[in-house]
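A.B. asks: Have a look at this one before I ask anything.
Read-outs: derived from the displayed coordinates by stated rules, not from any lab. Treat the numbers as computed from the prediction; the structure is a model and nothing was measured. No Cβ is skipped: glycine too gets one built from the backbone with ideal geometry, and neighbour counts run over all protein chains shown.
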């Protein structure tokens, strides 16, 4: 992440569209998970019934008394035994297959339930998961950085400008010359689109009106560490640069 790539974005209308899209996606995901859970339960029921039937047939076959054949016809007795062994072997294979499917279905259901009930990351003073991002004002360096990240994530051009000051703001304005609001919004949202959480590593107050926050951005497959320079302008803190 660098100064030129930290772009602002859409106005209030885009923020509302993004919110509605997110809610719709969450609802669809929830419905899909429910359907998967229902299918898993149905599969377990079928496998359980198959296990019970196979075990019943195997038990019946094992307890059947073989009626003696006349000694004058040993070939018929041999044929009957071979047929019964084939049936027993088939039932044994089906039983093992059903048990394997049952084990796999239970494992799949366990994985599903574990994913559904997995605890969500909890926001703290130093750890900001994506779901916790919100406009926090500019009363402190942390608040200003939170608001800036939220503004970029939502493509809110006005909020991005409000959260910056000095040469850093001028650099953003110059970089946006000739670009539409939609183009600026897309760049801003792309900048933090794959960020899952922000972890504040340190806060260095260099003076009463200057602070440096070092934060780690978790993108799932990689992490980036960035230093943010913040300046106090009047009673508000603003983002003045980043490295």
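A.B. asks: Starting from the alpha-carbon convex hull of the stretch 201-243, give the projected area averaged over all orientations, in nm².
C.D. replies: Projected area, direction-averaged: 3.2 nm².
A.B. asks: Additional query: Give me the orientation-averaged projected area of the Cα convex hull of the stretch 153-219, in nm², one decimal.
C.D. replies: Computing the convex hull of the Cα atoms and averaging its projections yields 5.3 nm².
A.B. asks: Taking square-rooted eigenvalues a ≥ b ≥ c of the alpha carbon gyration tensor, is the stretch 121-242 rounded, prolate or oblate, where a/c under 1.5 means rounded and, failing that, a/b exceeding b/c means prolate?
C.D. replies: Note, shape of the stretch 121-242 comes out oblate.
A.B. asks: Starting with the fewest neighbours, write out 110, 221 ranked by other beta-carbon atoms found within 10 Å of each beta-carbon.
C.D. replies: 221, 110
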